[in-house]
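So the structure is just underneath, and the comments pick up after that.
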Amino acid sequence: MSLNIEQLEKEFQDKIDRGENIEPKDWMPEKYRKTHIRQISQHAHSEIIGMLPEGNWITRAPSLRRKVALLAKVQDEAGHGLYLYSAAETLGISRDELFDQLLTGKAKYSSIFNYPTLSWADIGAIGWLVDGAAIINQVMLTRTSYGPYARAMVRICKEESFHQRQGYEIMLTLSNGTEAQKQMAQDSLNRWWWPSLMMFGPPDEVSTHTEQSMKWKIKRKTNDELRQQFVDITVPQAEILGLTVPDPDLKWNEERAHYDFGEINWDEFWQVIKGYGPCNKERMTTRRKSWDEGEWVRDAAVAHAEKKAARRAELKKAV
Amino acid sequence: MKKEWPIWEVFIRSKNGLEHRHVGSLHAADETMAIENARDVYTRRQEGVSIWVVESKHITASNPDNNGEMFEPAKDKAYRHPTFYDLPVELKHM
Ligand SMILES: [Fe+2]
Ligand SMILES: [Fe+2]
């Protein structure tokens with residue numbers, strides 16, 4: 001009575017075409033499982049590594065108001081990482097394996113987090129642009145076909161909007177401040193604009209995963225569609241700030257009803273992905289250090305739990 | 001690498017009067033830590049007034065491969081629903 005693989009695959013695809021979600025114990029093609037482990041874990045790693053560039057400014061936030069907001073945001077990102085690791089684990093990979101893939105460099109994370117945060121304005125630009133770009137991707141993913149991933153995304157999206165607003169407020173304050181502050185905001189936009197556009201991944205014509213991902217409803221829009229959406233939303237926001245988007249080719253196209261924008265430097269993108277970005281080494285070193293230095297704490301917690309359980313068992317026997 | 005902390009499933013009651021709902025999972029060394037972690041991970045914005053945690057390995061789930069025999073028998077039992085019964089339209093409050 002065992003169905004052959006083609007039948008199973010067809011039923012699986014029909015289910016997705018009908019708009020049904022796939023849940024952990026459902027049958028799924030091995031490639032669907034693997035693709036999800038890769039994508040969800042990459043996403044989780046990005047949330048965790050993403051805490052580092054912002055964490056860099058927590059102690060130097062210019063006011064208590066800014067400091068509590070930044071702390072809360074970075075804590076949220078830790079939460080996002082945890083939701084996503086849990087979602088990945090439903091596919092039969094352990095948390096330790098996931099960490100190991102990150103720490104050995106086998107797994108990737110978003111290349112944006114390999115850029116340095118040089119000024120306070122960068123915290124504004126990250127919230128506005130990086131979280132802004134992430135939101136566009138994540139809103140799409142709330143309707144992704146794999147149930148646990150979609151549910152994690154719903155939770156994440158609810159939390160993201162404060163991230164972007166706190167970032168934009170920082171930019172707004174600086175833009176309305178002294179000439180030096182405005183300059184700082186502009187400089188920050190100059191440095192973060194292009195890497196933010198790269199966050200949507202390589203252009204559609206070279207993106208190897210897009211077609212299958214669309215068929216399985218992992219993605220529902222292509223990289224280029226999402227990127228265009230981001231540009232269209234963000235350019236007017238830059239205008240409100242009175243800042244200039246660093247792209248001489250940026251122009252509203254009446255006919256397309258979209259902004260045209262300049263060529264992205266894909267060589268830079270691939271360099272950063274391959275590990276040659278400004279902060280790749282630093283990020284990985286920091287992450288490895290905290291994992292290694294936390295080992296005794298993890299072990300002590302296990303030892304304590306085991307001792308407590310043993311004592312409880314003994315008490316029960318005595319009764 | 002030593003032992004991994006076990007996985008716990010987390011259930012949260014968002015306010016009294018509502019049931020606990022599954023919200024996700026997390027790792028913790030024991031039940032006390034599981035509750036504390038659940039508080040930090042799943043209720044940072046007052047999402048709950050009560051938390052249940054249960055170690056994932058204690059959950060028994062039905063097998064989706066058997067969904068046919070499990071759930072389809074209920075499909076053709078329309079008489080379990082009020083709309084199955086033909087009653088006059090003048091009839092009120094029933
Ligand atoms: Fe996030
Ligand atoms: Fe965020």
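The values are calculated or read from the model by the stated rules, or taken from the named source; none is laboratory data. This is a predicted model, so every value here is computed, not measured. Backbone-built Cβ (ideal geometry, glycine too); neighbour counts: all protein chains shown. Please note that ligands, DNA and RNA were not included when accessible areas were found on the heavy atoms of the full protein model with its side chains. Shrake-Rupley method; radii C 1.70, N 1.55, O 1.52, S 1.80 Å.
A:ARG227 meets the conditions (1) assigned to a helix (DSSP H, G or I); (2) exposed (fewer than 13 other Cβ atoms within 10 Å of the Cβ) in every case but one. The failed one is (2).
Taking the conditions exactly as written (aliphatic (A, V, I, L, M), under 27 Å from A:GLY124 (Cα atoms), more than 15 Å from ligand 1 (Cβ to nearest atom) and open to solvent by less than 30 Å² (accessible area, probe 1.4 Å)), does A:ALA61 satisfy them or not? Yes.
With respect to (1) among the aliphatic types (A, V, I, L, M); (2) crowded, with 18+ Cβ neighbours inside 10 Å; (3) within 16 Å of ligand 1 (Cβ to nearest atom), the lone exception for A:ALA121 is condition (3). If the condition is being among the hydrophobic types (A, V, I, L, M, F, W, C), within 14 Å of chain B (Cβ to nearest Cβ) and more than 12 Å from ligand 2 (Cβ to nearest atom), then the stretch A:119-156 contributes A:ALA150, A:ALA152, A:MET153, A:VAL154. The stretch A:247-319 holds helices (runs of 4 or more DSSP H) entirely within its bounds, and those carrying 3 or more residues that are more than 11 Å from chain B (Cβ to nearest Cβ) and open to solvent by less than 60 Å² (accessible area, probe 1.4 Å) map to A:280-293.
Quick check on the stretch A:31-57: of everything there that is without any contact (Cβ under 8 Å) to a residue 40 or more places away in the chain and within 12 Å of ligand 2 (Cβ to nearest atom), which residue is farthest from the other protein chains (Cβ to nearest Cβ)? Top of the filtered list is A:MET51. Among the residues of the stretch B:41-60, those that are open to solvent by 50 Å² or more (accessible area, probe 1.4 Å) and either within 14 Å of B:HIS22 (Cα to Cα) or out of contact with any Pro (no Cβ under 9 Å at 6 or more places or on another chain) (or both) comprise B:ARG44, B:ARG45, B:GLN46, B:GLU47, B:VAL49, B:TRP52, B:HIS58, B:ILE59, B:THR60. Restricting attention to the stretch A:134-159 and to residues that are open to solvent by less than 40 Å² (accessible area, probe 1.4 Å) and within 11 Å of ligand 1 (Cβ to nearest atom), the residue that is nearest to A:GLY50 (Cα to Cα) turns out to be A:ALA134. Name the residues in the stretch A:64-73 that are more than 15 Å from ligand 1 (Cβ to nearest atom) and touching a residue at least 40 places away in the same chain (Cβ under 8 Å), would you? Selection gives A:ARG66 alone. Scanning the stretch A:20-54 for residues that are open to solvent by less than 40 Å² (accessible area, probe 1.4 Å) and either in a loop (DSSP other than H, G, I, E, B) or in contact with a strand residue (DSSP E or B) (Cβ under 9 Å, 6 or more places away or on another chain) (or both) returns A:ILE22, A:ASP26, A:MET28, A:PRO29, A:TYR32, A:HIS36, A:ILE40, A:GLY50.
The condition of being away from ligand 2 (no atom under 15 Å from the Cβ) and within 14 Å of another protein chain (Cβ to nearest Cβ) holds for only one of A:LEU82, A:LEU71, A:LEU98, A:LEU64, that being A:LEU98.
Among the residues of the stretch A:64-108, not one is small (Gly, Ala, Ser), open to solvent by 60 Å² or more (accessible area, probe 1.4 Å) and part of a helix (DSSP H, G or I).
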